[in-house]
Amino acid sequence: MPLIQPARLRCGAPPVLSATVNLQDTIQQTTASNMVVIYSKSWCPYCAQCKQLFDDMKQPYTVVELDEREDGEQLQAALLEMTQQRTVPNVFVAGQHLGGNDDTQQAARSGELAALLGASPSPPASFAAARVVPTGAGSSATAAQLKAVGDFKMITETEANVRKTVGVGLGLATAAIYATAGMSYTTLSTGIFVALSTYRTGAEYQ
């Protein structure tokens, strides 16, 4: 059983670690196996802002609430030793330490966050050549491929095309609203990021 269970959007406090477990190894394991990990405290307003950023982006993340764990202080000390950052939120993206809330918000504005999120983990070797399951009349999809769809390792051809179409539509709509009605630069950049991310979730499988 893994020490920290990942969540698609959020997770509760993972099980308390044994005193014999190396906390730095645990942190490395958690950040390597989840695209976004936020070490947080439930009462922290800056942590709430950081989580809201990923919620608005509809980007799944795993959150570890240090104040809800018996070993929270030890984990925070391990994070300090690894990242030279004691404050929360302490954010990791694609296995890399990003920083706190200000760093994460700035990375979102600059496009750095989008680039990191684009570094998706490599698929299993058996699905490396093609991760789209054919659909439609006469589909050649196998039982293994259909199971992979259910396990979120592959997607259907229809879903891939829908994601790309929606991404293009969001981008065009954002540009049209910006040109006609006006919007803040932050809203514009967020809209463009969401459009690109949506398109990428379909295109990256093909």
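Rule-based calculations on the coordinates, nothing more; no lab input. This structure is a prediction, so every number in the text was calculated from the model and none was measured. As a convention, Cβ positions derive from the backbone with ideal geometry for all residues, glycine included, and neighbour counts pool all protein chains shown.
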(request) May I ask you to compute the full-extension gain from Asp56 to Val162, defined as 0.36 nm times their residue separation minus their alpha-carbon distance, rounded to one decimal in nm? (result) 36.1 nm
(message) Between Met82 and Glu112, how high is the FRET efficiency from 1/(1 + (r/R0)^6) when r is the Cβ-Cβ distance and R₀ = 22 Å? Nearest 0.05.
(response) 0.60
(request) May I ask you to sort Phe92, Phe54 by Cβ crowding, counting other Cβ atoms within 10 Å and putting the fewest first? (result) Phe54, Phe92
(request) Can you tell me the FRET efficiency between Ala173 and Asn22 if r is taken as the Cβ-Cβ distance and R0 is 45 Å, rounded to the nearest 0.05? (result) 0.40
(message) Run the numbers for Ser33 and Gln96: contour at 0.36 nm per residue of separation, minus the present Cα-Cα distance, in nm.
(response) 21.5 nm
(request) Quote the FRET efficiency, to the nearest 0.05, computed for Gln74 versus Ala48 with a Förster distance R0 of 25 Å and r equal to the Cβ-Cβ distance. (result) 0.55
